[in-house]
């Protein structure tokens, strides 16, 4: 950090400290600006004009004060942060001066290199969305480096969730925005990551319809059909109007689980037989990876299919071995399903164990719907009217015609 202190000092004064004359000049500047006497010999030693010795606290504190810090400790702690903010302001200036090409080059040179830059990238996209510059967002997502295969799973989730929430405030009829959601990279990193059950009616389902009518990708088409079927279910439409989803070998496991979940939405009477076949088909080393059950777990809660819950819990029995739950939100989803099932059969001991480990805020885009059921669960045991009040408040936001007061009281009956 001492080298950085020398560097910013020379940057501030506009000349290098290379001689006795330079050292005397800096001594005079510091005396005039900070009213502190520091000898030119001390400065010569600090900048290596003569043989360097270890700088004293006085020297380090004085030079730090000259650069606007309280002391050297303050410089160590806050220099990076202060430098960070100067970068932030520079980026904001580029965005608001409409210097699109400069911003594109900046993103292209840095994206996916570090976690810290990905956070900065999210800030850039969010700011562009807020000022409704959807064309520039689209140009950024058109970059080759924005292909979803270039990102690890955690970064995909970080990008998708951080940007997805903001889309809720966008006018989805905006033409530039509709061009943006047809971008494949944007679909893979945002739309299909932030699966907005809480905003399904009306905005998310309308976006999905737009994508469904334009996409040529089979996986995206099937994903859209699954979301639209869920919307039909929540709006109590006849199952005859549902899309029939077909699985393909190269589909992502979560998409495969969404396809299977359609059987529950349609009230299939042979669901357990089909579940057994699905389970055997996707076994890996004797276990089924939890992502193959992700949508099945959640849809079993939605449809009150306690038979499916029971079957899955009995199959995934050894609670000491969760090595295949490699993504915690998937494990959290499984825990929640168990909590609902054990509430149904009044198993107080298991409920207490699960409730300690469940994190209801870890459901990401499913959070609002999960909280609806969490309030039902809480009311069952505590009979406190505040859970009904919270449920009705959330139901109004999500889908009041499905999540009714009657549904609340009859869920476990």
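Residues in the range 332-367 that are out of contact with any helix residue (DSSP H, G or I) (no Cβ under 6 Å at 6 or more places or on another chain) and surrounded by 18 or more Cβ atoms within 10 Å (Cβ to Cβ): 336, 365. Counting the residues of the range 11-34 that are closer than 20 Å to residue 73 by Cα and modelled with pLDDT under 90 gives 2.
Can you find a residue that is closer than 18 Å to residue 259 by Cα, at pLDDT 95 or above and crowded, with 20+ Cβ neighbours inside 10 Å anywhere in the range 172-186? No, the range 172-186 has no match at all. Residue count for the range 65-109 under the criterion of being within 25 Å of residue 144 (Cα to Cα) and modelled with pLDDT of 80 or more: the result is 10. Residues that are within 17 Å of residue 136 (Cβ to Cβ) and without any contact (Cβ under 8 Å) to a residue 40 or more places away in the chain within the range 172-201 comprise 175, 178, 181, 182, 190, listed in sequence order.
Based on what the data block shows, is residue 167 buried (at least 16 other Cβ atoms within 10 Å of the Cβ) and within 27 Å of residue 394 (Cβ to Cβ)?
Yes; evaluated as a whole, the condition is true for this residue.
The values are calculated or read from the model by the stated rules, or taken from the named source; none is laboratory data. Please read all numbers here as calculations on a predicted model, not as lab measurements. A quick note on method: Cβ atoms are made from the backbone with ideal geometry, for glycine too, and the neighbour counts reach across all protein chains shown.
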